[in-house]
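For reference, the structure is listed below as C-alpha cells.
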Amino acid sequence: MSFTAEVKDELARVAPPCPACEKATLAALVRIEGTLFVSGPSRYRVEVATDAPAAARLVVRLLHTIYQLKTNLTMRRSVLHKTPNYLIEVPAQPHLADALRDMGVLSAEGGLEMGVKQALVAKPCCAAAYLRGAFLGSGFISNPKSDFHFEITVESASLAEGLVELMARKDIAARIMQRRSSYMVYLKSGASILEFLAWTGAHQAALSMEEERVVKSVRNDVNRMINAEMANQQKASNAAVEQIYAIRTVIEHFGMENLPPALQDFIRLRVTYPEASLKELGERANPPLSKSAVYHRVRRIESMAQEAAAGE
C-alpha cells in the first residue's frame with residue numbers, strides 16, 4: 001500500500017469532532033470527485049469515483065445517514081491499472097437538489113458553486129474536516145523516505161483558492177499551480193505537510209513522517225560531518241606533502257646540520273609522522289609544543305625553501 005493510500009485510509013476513519021464535520025467532509029469529496037448530470041429542471045444525478053475503498057465506503061455511508069439518499073456502488077477494474085476503482089451512483093430522486101445545495105455543489109440560484117461554501121467551514125474542526133475530504137478525494141503525498149511532496153488537484157481556481165484559505169487558518173502556506181485545465185494546491189515544506197496531517201486527523205501518518213524527518217536529519221548531519229572530516233584530512237595531507245617538499249629543498253640547500261635545533265626537531269617529527277596534523281606533531285614533540293609554535297616552524301621552513309628556490 002502506498003503512503004497516500006495509508007493516509008487516506010486513516011483519514012476515512014477519523015471520528016468527527018462535531019456532527020457538521022461529516023457534512024463538510026462529504027461536501028469536499030462530492031465537489032472534487034463527483035460528476036453532476038442534469039436531465040431536466042431540478043433533475044440531477046451524481047457519480048462519485050474514487051480509487052480509495054475507505055473513501056468509497058465513507059461517501060456511501062454519509063449520503064445515506066445525512067441525506068437519506070439512495071446509492072449504487074460498483075467496483076471497476078481497468079485494463080491498464082491493477083487497482084480497483086469505485087463508482088458511487090446517486091440516481092435522480094427527491095431532495096437530491098436540496099442536498100447538492102446544502103453541500104455547496106449547487107448555488108441557491110441553481111448554478112454551480114465554484115468556491116467553498118463558507119457555512120460548511122465556519123468552525124475550525126469543520127474546516128479541517130473539509131480539507132480531510134479534499135485530500136480523500138484527490139490528494140497525493142509522497143513517501144516520506146523520499147522528497148517531501150503534497151498536492152490536492154481540483155478543477156476550479158475558486159475551489160483551489162478556497163482550500164488555500166482554509167489551510168492559512170492553521171498557518172499552513174499552500175500554493176497553487178495550474179496544470180492544463182486543473183489546479184494543483186501543493187505543499188513542499190515538510191513542516192507544513194506534517195501540520196496538515198496532524199490537523200486533519202492523520203496522526204499515525206504524521207508520526208511516521210516525523211520519524212523519517214528525524215532519520216533524514218541525523219543522516220544529513222552525519223554526512224556533513226563525514227564530508228567535513230574528509231575535507232580536513234585532505235587539506236592536512238596536502239599541507240603535509242607541501243611541507244615535506246619544502247623540507248627536502250631546505251636540507252639540500254642549507255644542510256641538516258646547519259639548521260637550528262628547533263627546525264631539526266620539527267623535520268624529524270614531520271618525516272616520521274607524515275600524515276599527522278600540526279596539533280598532533282606538537283603533542284609528539286619533547287617537550288610538547290603548541291599548535292602555533294609548530295606552525296611558526298612550518299612558516300620558517302617554507303620561507304627558507306622559497307629563499308633557496310629564488311637563489312637558484
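Below are the figures for this structure:
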read-out: Exposure proxy ranking, count of Cβ atoms within 10 Å, fewest first, for 226, 247; value: 226, 247
read-out: Dipole magnitude of region 32-77 about its Cα centre (Cβ charges: Lys, Arg +1; Asp, Glu -1), debye to nearest 20; value: 180
read-out: GNM top mover of 100, 112, 166 - the chain, alpha-carbon springs below 10 Å; value: 112
read-out: Computed label-point distance, nm, for sites residue 39 and residue 65 using a 7 Å Cα→Cβ extension; value: 2.9
read-out: Calculated from backbone phi, Karplus (6.51, -1.76, 1.60) coupling profile of region 108-113 in Hz, x at Gly/Pro; value: 4, 7, x, x, 7, 7
read-out: Mean separation of Cα contacts under 8 Å, 6 or more apart, over the residue count of the chain: relative contact order %; value: 14
read-out: Extreme residue, positive dipole direction of the chain, given options 12, 303, 176 (C-beta unit charges); value: 12
read-out: Peptide ranges 29-39, 141-151 listed from the most packed, as the mean C-beta count within 10 angstrom indicates; value: 29-39, 141-151
read-out: Computed helical MRE - 222 nm, the chain, DSSP H runs ≥ 4 contributing -39500 (n - 2.57), nearest 500; value: -19000 deg cm²/dmol
read-out: Debye, to nearest 20: dipole size of the chain, +1 on Lys, Arg Cβ, -1 on Asp, Glu Cβ; value: 740
read-out: Region 32-47 - phi-based ³J(HN,Hα) in whole Hz, Karplus 6.51/-1.76/1.60, Gly and Pro as x; value: 8, 9, x, 10, 9, 10, 10, 10, x, x, 6, 10, 10, 9, 10, 10
read-out: For the chain, with +1 on Lys and Arg beta carbons and -1 on Asp and Glu, the positive-most of 146, 90, 157 along the dipole; value: 90
read-out: Likely footprinting exposure, 70, 117, 8, fewest C-beta neighbours within 10 Å first; value: 70, 117, 8
read-out: Förster radius 30 Å - calculated FRET efficiency between residue 6 and residue 219, Cβ distance, rounded to 0.05; value: 0.85
read-out: Subset of 117/216; 8/145; 70/170; 145/279 violating a 30 Å alpha-carbon distance limit; value: 117/216; 70/170; 145/279
read-out: Choice from 62, 136, 281 with maximal GNM fluctuation in the chain (Cα, 10 Å cutoff); value: 281
read-out: Peptides ranked, highest mean first, by Cβ atoms within 10 Å: ranges 13-26, 262-275; value: 13-26, 262-275
read-out: Neighbour-count ranking [beta-carbon atoms within 10 angstrom, fewest first] of 69, 163; value: 69, 163
read-out: Space enclosed by the convex hull of the alpha-carbon atoms of region 217-311, per residue, Å³; value: 101
read-out: Highest-fluctuation residue, 229, 195, 47 considered, GNM on the chain with Cα pairs under 10 Å; value: 229
read-out: In Å, descending, principal axis extents of the Cα set of the chain; value: 111, 43, 33
read-out: Backbone N under 17 Å from the residue 309 label point (7 Å along Cα→Cβ), restricted to region 248-287; value: 248-254
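Bear in mind that the values in this text are calculations on the coordinates, not laboratory data. Predicted model only: the values in this text are computed from it and were never measured. For neighbour counting, all protein chains shown are included, and Cβ atoms are generated from backbone atoms with ideal geometry for every residue, glycine included.
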